[in-house]
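Notes for the one structure printed next.
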C-alpha cells in the first residue's frame, strides 16, 4: 500500500519538532509492513519534509526507488518474506547509496553489527517516540550533507585557485552586462546550460555565479574537468561503481553525480569526453538516471547540469569527435564569454579585483596600477584572457613592480590571426618551462591533454 505525501495530523506526542534545514527539503521513503507504523511516520514526517512515501514491502519500495530519488529510507527489518537487512545489502551491491535508518522491535548485538556492515546509517528500536525518530532522521540527513560538503571542499583544495571570489562576474562592458543578464535568466530554471569561450575567460566563475543565483544554491556545486581524468576511470568517477566491477574495485564507491545530488554538476572541457561516455551522458540527461559501473540498477538523480568548453563544438560534431545529439541536448541555453581583447574596458576592474584578492592572499601591500600600465594592458591581445591577467598581477606583486607584457616583437604584435597568437603564446610558455608540458599546462590553465593535442597539431 502506498501513502504518498500524506499531510496527516501531527504525531508530536507533545515534543517540539527540532528545526533543521535539511529536514524541510528531504524526500523520505518508509518501508514497513505494519499499516499503523506507516501512518505514524507519515503523520510525524509529512508536515516536516518535502515528500514522504510509505510502502509495505520491498517490491513496491524498489519501484519507488527506480522512479525517483529519495534522500532517506526508513526500513523495518522484519518484513513479510525477507529481512530489511537482506534488501539493504542488495541495494548496496547494486550501487544505491541512499541513507538508511533500520527500525526493528527485535534487536540484539549481532543485528546491530549486521546493520552497520550492510550500510545502515542508524539503528532505532521499536517502540520509539516522535522525538527519537525525528532526531535520528535529522542526524542522518546532517551527516549525509556534511559528507557531501567535505567531499566538495576536498576537491576544491586540490584545484587551481579560482580567478574570482563568490561567483562574481566582473566587468563594465556591454558584453558582460549581457552575460550577467543571461546568468540571471538561466538561474531561475533547471535547464541545462552550455558555457563557451576561450581558455581563461572565467567559465567556472560564470557557472558558480549561475549556481549561486539558482534554487540549488544551498546544495553542492561539483566541478569536473573532463580533460583531466583518464578515459579509463572517468565513467566510474561520474557514475560510481560497485564492489568487484573492475580490477582494484575493492569496495563500492559513489560517483560525482551522487555528490552533486540536488545541486549542480559542472562538466568543464566537455569536448574532451570520450565518445563512449558521451552516449552514456546523453542517456543520463534524457532519463535522469545513472548506472554505476558493474551494476544492473539505474538510480534516479536530481542534478542540474552545466557544461563548458573552449572548443568549437559544431566543428567537433562535423569531425565526428562529438555526438550531435549530445550537443543539441547541452545547447539548450548558451552563454558565450567574449575574450578579454574584445572588452578592454573590463581590464581595469579585473586588474583591481585581482590586486585586492591576491595581495590579501600573499600578505603583501597592493601595488598602484598606473595609467601607463593600463594603457599597455589595453593594447596587449591577452591570449590567456583573465587568467593571464591574474598571473600578471600576481607576478607584479611578487616582484614589486609591473613588467611590460611580452608582445614577442613587432612581427608577433602585427598578426591578426588568433590561432597564431595562441600558438606563439603557448610555445613561449612551453619554452619558459624548458619543455615541461605538465608545468606549462599548469601555467596556461589548461589540461595536459589539451596541451598535448595542440603540440601534436603544430608538430612541436
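Just so you know, all these numbers are worked out from the coordinates, no wet-lab data involved. Nothing here was measured: the structure is a model prediction, and the numbers come from that model. Cβ placement follows ideal geometry from the backbone for every residue including glycine, while neighbour counts extend to all protein chains displayed.
For the listed peptides 76-88, 57-69, 253-265, a ranking on the average number of other beta carbons within 10 Å per residue, highest first, reads 253-265, 76-88, 57-69. In this simple spin-label model, placing a label point 7 Å from the Cα along the Cα-to-Cβ direction at both residue 177 and residue 321 gives a separation of 3.7 nm.
Gain on full extension, evaluated as 0.36 nm per residue between residue 168 and residue 247 minus their Cα-Cα distance, stands at 24.1 nm. When both bridge partners sit in the chain, DSSP labels roughly 10% of those beta bridges antiparallel. Angle, helix 109-118 long axis vs. longest principal axis of the chain, Cα atoms, 0 to 90°, nearest 10? Computed tilt is about 30 degrees. Between residue 439 and residue 116, the modelled labels are 4.9 nm apart [label points 7 Å from Cα along Cα→Cβ]. Of the labelled options (i) 84, 46, 38; (ii) 103, 55, 44; (iii) 69, 64, 42, which one gives Cα extents along the principal axes in Å as computed for this structure? Computed from these coordinates, Cα extents along the principal axes in Å corresponds to label (i). With the highest mean first, a sort of the peptides 108-114, 118-124 on other beta-carbon atoms found within 10 angstrom per residue produces 118-124, 108-114. Which whole-number percent is the relative contact order of the chain (Cα, under 8 Å, 6+ apart)? Once normalised by length, the contact order is 13 percent. Judged by the gyration tensor of its Cα atoms, with axes a ≥ b ≥ c, the range 281-364 is oblate; a/c meets the 1.5 cut and b/c is at least as large as a/b. In the range 256-305, Cα pairs under 8 Å separated by at least six residues give a relative contact order of 53 percent. Spacing of the modelled spin labels on residue 395 and residue 59, each 7 Å from Cα toward Cβ, amounts to 7.0 nm. Between the range 420-460 and the range 194-265, the alpha-carbon centres lie 26 Å apart. From helices alone, the chain scores -13500 deg cm²/dmol at 222 nm; the rule is -39500 (n - 2.57) for each run of n ≥ 4 DSSP H residues, then divide by the residue total. Ranking of 325, 33 by neighbouring Cβ atoms within 10 Å, starting from the fewest: 325, 33. Cβ-Cβ distance of residue 90 and residue 149, R₀ of 30 Å, FRET efficiency by 1/(1 + (r/R0)^6): the value works out to about 0.55. Relative to the longest principal axis of the Cα atoms of the chain, the long axis of helix 203-212 lies at roughly 40 degrees. Under the rule a/c < 1.5 gives rounded, and otherwise a/b versus b/c splits prolate from oblate, where does the range 23-151 land using the Cα gyration tensor? Since a/c stays below 1.5, the shape of the range 23-151 is classed as rounded. Working from Cα pairs under 8 Å separated by at least six residues, relative contact order for the range 23-151 is 23 percent.
For helix 58-67, report the angle its Cα long axis makes with the longest principal axis of the Cα atoms of the chain; keep it between 0 and 90° and round to the nearest 10°. Around 20 degrees separate the two axes.
Largest first, the extents of the alpha carbon coordinates of the range 340-405 on the three principal axes equal 33, 19, 17 Å.
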